[in-house]
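Reviewing the structure listed below.
The values are calculated or read from the model by the stated rules, or taken from the named source; none is laboratory data. None of these values were measured; they are calculated from a predicted model. In this analysis, Cβ positions are derived from the backbone assuming ideal geometry, glycine residues included, and neighbour counts consider all displayed protein chains. Accessible surface areas use protein heavy atoms only, side chains included; no ligands, DNA or RNA. Shrake-Rupley method; radii C 1.70, N 1.55, O 1.52, S 1.80 Å.
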Amino acid sequence: MEGETSWICHCIDDMCKDIGDFDSFSEISDEGNKETIAVSVDLILPDDLLERILAYLPIASIFRAGSVCRRWHEIVSSKRFLWNYTHVVSQKPWYFMFTSSDEPVGYAYDPILRKWYSIELPCIQTPNWFIASSCGLVCFMDNDSRSEMHICNPITKQCKKLEEPPGLKFSDYSALSIKVNRTSHTYTISIVKSKQVPGNFFQWDLSIHIYDSETMRWATPLTEVLTGWRAGDESVICDGVLYFLIYSTGCGTPENRHGLVTYNLSSRRSSPLIKSFIPVPGPLTCGRLMNLNEKLVMVGGIGKQDWPDIIKGIGIWILDGSNWLEVARMPHKFFQGFGELDDVFASSGTDNLIYIQSYGAPALLVFDMNQKLWKWSPKCPVSKKFPLQLFTGFCFEPRLEIAPT
């Protein structure tokens with residue numbers, strides 16, 4: 001593909017360059033016409049010191065370093081290096097953008113080097129699968145029967161198929177989320193399923209299903225009937241609590257069409273979900289939930305007061321107790337930069353970065369929560385092939401040491 005930047009291309013190109021750079025060579029100096037011998041640093045450094053130096057490289061450079069020579073490959077593949085790498089360098093989250101509506105192909109954006117890489121995702125078959133990520137692992141669930149599930153590391157390509165989740169196979173709405181324990185690397189997966197009660201538009205059956213990687217079993221701790229509300233496809237696990245958005249089925253005012261409910265995964269009490277209801281901040285066209293350093297963050301499309309379905313801007317809020325605090329609002333010049341922005345859009349984030357993408361174009365905007373800085377990514381090496389082509393994506397942490405168990 002034109003403009004493609006792949007792991008393999010980088011490895012081959014840089015391997016040829018780096019081998020030449022690291023070969024010992026001799027040159028003639030200008031002072032006294034003396035011959036100076038230049039010795040490769042690689043030859044004089046012990047393994048542990050070279051290992052520490054390589055550990056400061058960005059993750060894309062680690063792959064290229066492993067192609068320099070056998071010694072470097074053995075170093076970057078060792079368990080000790082993977083442990084040191086995890087504790088020395090804090091990698092920023094990447095964003096994978098699908099560039100086809102039918103095939104799960106696309107590019108991953110590295111915000112450190114500000115480059116796009118062509119990588120292949122394992123397990124997933126189409127871009128419309130449900131996707132959730134946490135701490136280097138990505139969970140996929142098919143969008144048809146919603147019974148096929150995989151968890152993988154998209155960098156190392158290690159993948160595991162999970163046991164079929166319980167509950168309805170053909171629910172009207174499903175929300176997928178995952179949380180990885182950064183110390184033990186165990187993980188919890190949740191699915192919130194919602195299906196309309198036959199013949200009653202205002203009542204919806206809701207069920208929560210939890211997978212524990214330690215027991216390798218599913219549990220269904222809650223089933224409930226919501227009246228006037230239904231669940232959707234937005235959920236996230238944050239600090240031991242499952243958060244998900246619910247949507248009015250017609251009885252709410254325009255300012256109260258969305259709401260947030262919580263479910264404590266530790267206590268798993270069965271009190272009615274509606275008791276934990278938290279209103280969203282004003283009329284929103286859509287909301288996207290994410291976990292940023294164990295804080296619940298929502299990116300939402302701000303609807304016009306008189307036309308709540310028409311988006312006029314995008315805001316970012318953080319949940320403080322039961323109150324939403326506005327962190328930032330997208331400047332108008334960036335909002336205009338998307339062109340025609342639909343009332344719904346893709347957004348995900350982790351650590352301190354938030355990615356926002358229009359479904360109608362491959363433009364990607366990045367917001368740094370620490371610096372309160374908005375910045376466009378370099379252009380993704382793909383062009384829109386037809387007017388109705390859709391683009392979407394997801395955020396994930398690039399990690400080498402974690403694997404699905």
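Kindly provide the set of residues from segment 367-399 that are hydrophobic (A, V, I, L, M, F, W, C), open to solvent by less than 20 Å² (accessible area, probe 1.4 Å) and closer than 18 Å to Trp116 by Cβ, ordered by number.
Scanning segment 367-399 gives Cys380, Val382, Phe391, Phe394, Cys395, Phe396.
Give me the residue from segment 195-222 that is open to solvent by 20 Å² or more (accessible area, probe 1.4 Å) and not in a strand (DSSP E or B) and, out of that set, modelled with the lowest pLDDT.
Checked segment 195-222; the qualifying residue modelled with the lowest pLDDT is Gly199.
Could you list all residues from segment 150-166 that are touching a residue at least 40 places away in the same chain (Cβ under 8 Å) and either over 20 Å from Ile59 (Cβ atoms) or open to solvent by less than 30 Å² (accessible area, probe 1.4 Å) (or both)?
Within segment 150-166, Ile151, Cys152, Asn153, Pro154, Ile155, Lys160, Leu162, Glu163, Pro165, Pro166 meet the criteria.
Testing Tyr355 on (1) open to solvent by less than 20 Å² (accessible area, probe 1.4 Å); (2) modelled with pLDDT under 95, one condition comes back false. Which one is that?
It is condition (2) that Tyr355 fails.
Of the residues that make up segment 180-194, is at least one assigned to a strand (DSSP E or B), surrounded by fewer than 16 Cβ atoms within 10 Å (Cβ to Cβ) and in contact with a Ser or Thr (Cβ under 9 Å, 6 or more places away or on another chain)?
No; the residues of segment 180-194 include none that is assigned to a strand (DSSP E or B), surrounded by fewer than 16 Cβ atoms within 10 Å (Cβ to Cβ) and in contact with a Ser or Thr (Cβ under 9 Å, 6 or more places away or on another chain).
Go over the candidates Arg70, Arg80 one by one and state the one that is modelled with pLDDT under 85, of a type outside the set (Asp, Glu), more than 30 Å from Pro362 (Cβ to Cβ) and open to solvent by 20 Å² or more (accessible area, probe 1.4 Å).
Unique residue meeting the criteria: Arg80.
Of everything in segment 79-127, what is in contact with a helix residue (DSSP H, G or I) (Cβ under 8 Å, 6 or more places away or on another chain) and either part of a helix (DSSP H, G or I) or of a type outside the set (A, V, I, L, M) (or both)? Give them in sequence order.
The answer is Arg80, Phe81, Asn84, Tyr85, Val88, Gln91, Asp110, Lys115, Tyr117, Ser118.
For segment 256-284, enumerate the residues that are at pLDDT 90 or above and hydroxyl-bearing (Ser, Thr, Tyr).
Thr262, Tyr263, Ser276
For residues that are open to solvent by less than 30 Å² (accessible area, probe 1.4 Å) and within 20 Å of Pro198 (Cα to Cα), tally how many sit in segment 230-244.
Selection size over segment 230-244: 2.
Look at Arg269 and say whether it is outside any strand (DSSP E or B), touching a strand residue (DSSP E or B) at 6+ places or on another chain (Cβ under 9 Å) and either open to solvent by 10 Å² or more (accessible area, probe 1.4 Å) or over 30 Å from Tyr187 (Cβ atoms) (or both).
Yes, satisfied.
Within segment 326-344, is even one residue surrounded by 13 or more Cβ atoms within 10 Å (Cβ to Cβ), of a type in the set (D, E, K, R) and at pLDDT 90 or above?
Yes - at least one qualifying residue is present in segment 326-344.
Mind checking whether some residue in segment 278-292 is without any contact (Cβ under 8 Å) to a residue 24 or more places away in the chain, more than 29 Å from Met97 (Cα to Cα) and in contact with a strand residue (DSSP E or B) (Cβ under 8 Å, 6 or more places away or on another chain)?
Yes, segment 278-292 contains at least one residue that is without any contact (Cβ under 8 Å) to a residue 24 or more places away in the chain, more than 29 Å from Met97 (Cα to Cα) and in contact with a strand residue (DSSP E or B) (Cβ under 8 Å, 6 or more places away or on another chain).
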